[in-house]
Amino acid sequence: MVSLSELLPGEAIRLGAAAEDWRGAVRAAGDLLVATGSSTDAYTAEMIRSVEDNGPYIVLAPGFAFAHARPSPAVLRTGMSWVRLARPVEFGHETNDPVDLVVALAARDASQHTEAMASLARLLADPETERALRDAPTPQALRALLAGQEPPGPAAGEAAGGAATGGRTVHKILTVCGNGLGTSLFLKNTLEQVLDRWGWSRYVTVEATDTISAKGKAAEAVAILTSREIARTLGDVGVPVKVVDDFTSTVEADRVLRDTYDV
């Protein structure tokens, strides 16, 4: 699996960038993907169009937007960019505006980057590390934090829930975003951290997916967890759809899980 620091070269980091609005902020992150050979300008347009079509669901935590679109021919290789804005901008999110940090992902497929996304989600979920990342004075300092503090991922099968459960019933929770490979992975990892803490990983499996697939898979799940914007898009799918405002907060994930299971 490719690491987070490998996906984010120093040339793809810009600190103190100027942007007039959310489109300018996403465009700044896309320009860095283009400059480092990860994508073309067409992918930047696709990231902007994703927000126009689905709303500001990419603003997955206070002040933090994770820009991405589906894998497409406009992606040349999997890579990331990191833009810290000199002045925050509004994306139109009900709870997480304004945004001063935009991280962009260009993915060749839906699997190559999953462990890197899990690493970033774990780093941002820790308040001290999150502050250090936001305050990093140089790209080199930022990459050092990412490389030196990536915690190990769960052992193979540990959080998958299905294979080693014997005769136990395994529940499935779906985390959903517009594309199924970005923000939903952040929420998946945060939920898995809470389930590990509870000792429930053998009983509950979490699957990240997109809005179209979620409607077909809803019958397999006990609940769907997603953003307010995506919840509106999904509508009534026959199972509870629960809104999460901060995809990196284990405190909020704990609360939503307790509500789901009435514990």
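Quick check, is Val51 within 24 Å of Asp246 (Cα to Cα) and crowded, with 24+ Cβ neighbours inside 10 Å?
Criteria not met by Val51.
Can you confirm whether Leu15 is in a helix (DSSP H, G or I), hydrophobic (A, V, I, L, M, F, W, C) and in contact (Cβ under 8 Å) with a residue 60 or more places away in the chain?
no
Just give me the residues in region 92-139 being in a helix (DSSP H, G or I), touching a strand residue (DSSP E or B) at 6+ places or on another chain (Cβ under 8 Å) and either closer than 16 Å to Ala208 by Cα or of a type in the set (A, V, I, L, M, F, W, C) (or both), in sequence order.
Across region 92-139, the qualifying residues are Ala116, Met117, Leu120, Leu124.
With respect to Leu145, is the statement that it is buried (at least 23 other Cβ atoms within 10 Å of the Cβ), at pLDDT below 90 and in contact with a helix residue (DSSP H, G or I) (Cβ under 7 Å, 6 or more places away or on another chain) true?
So Leu145 fails the test.
Any residue that is modelled with pLDDT of 90 or more and more than 13 Å from the chain's Cα centre (by Cα) - is there at least one of those in region 100-121?
The answer is yes; a qualifying residue exists.
Residues checked against (1) among the polar types (S, T, N, Q); (2) crowded, with 19+ Cβ neighbours inside 10 Å; (3) over 21 Å from Glu207 (Cβ atoms):
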{"site": "Val59", "(1), (2), (3)": "no, yes, yes"}
{"site": "Pro88", "(1), (2), (3)": "no, no, yes"}
{"site": "Val99", "(1), (2), (3)": "no, yes, yes"}
{"site": "Leu120", "(1), (2), (3)": "no, yes, no"}
{"site": "Pro127", "(1), (2), (3)": "no, no, yes"}
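Name the single residue, out of those in region 20-38 being in contact with a Ser or Thr (Cβ under 9 Å, 6 or more places away or on another chain) and outside any helix (DSSP H, G or I), that is most open to solvent (accessible area, probe 1.4 Å).
So the residue we want is Thr36.
I need a count of the residues in region 228-246 that are assigned to a loop (DSSP other than H, G, I, E, B) and touching a strand residue (DSSP E or B) at 6+ places or on another chain (Cβ under 7 Å).
Result for region 228-246: 5.
Report yes if some residue within region 191-203 is within 29 Å of Ala12 (Cα to Cα) and either at pLDDT below 90 or of a type in the set (Ser, Thr, Tyr) (or both); otherwise report no.
no
Which one is least open to solvent (accessible area, probe 1.4 Å), of the residues in region 181-234 that are of a type in the set (Ser, Thr, Tyr) and free of Cβ contacts under 8 Å to residues at least 40 places away in the same chain?
Selected residue: Thr209.
The values are calculated or read from the model by the stated rules, or taken from the named source; none is laboratory data. Please read all numbers here as calculations on a predicted model, not as lab measurements. Positions of Cβ are backbone-derived with ideal geometry, glycine not excepted, and every protein chain shown enters the neighbour counts. The area values use the complete protein model at the heavy-atom level, side chains included, leaving out ligands, DNA and RNA. Shrake-Rupley method; radii C 1.70, N 1.55, O 1.52, S 1.80 Å.
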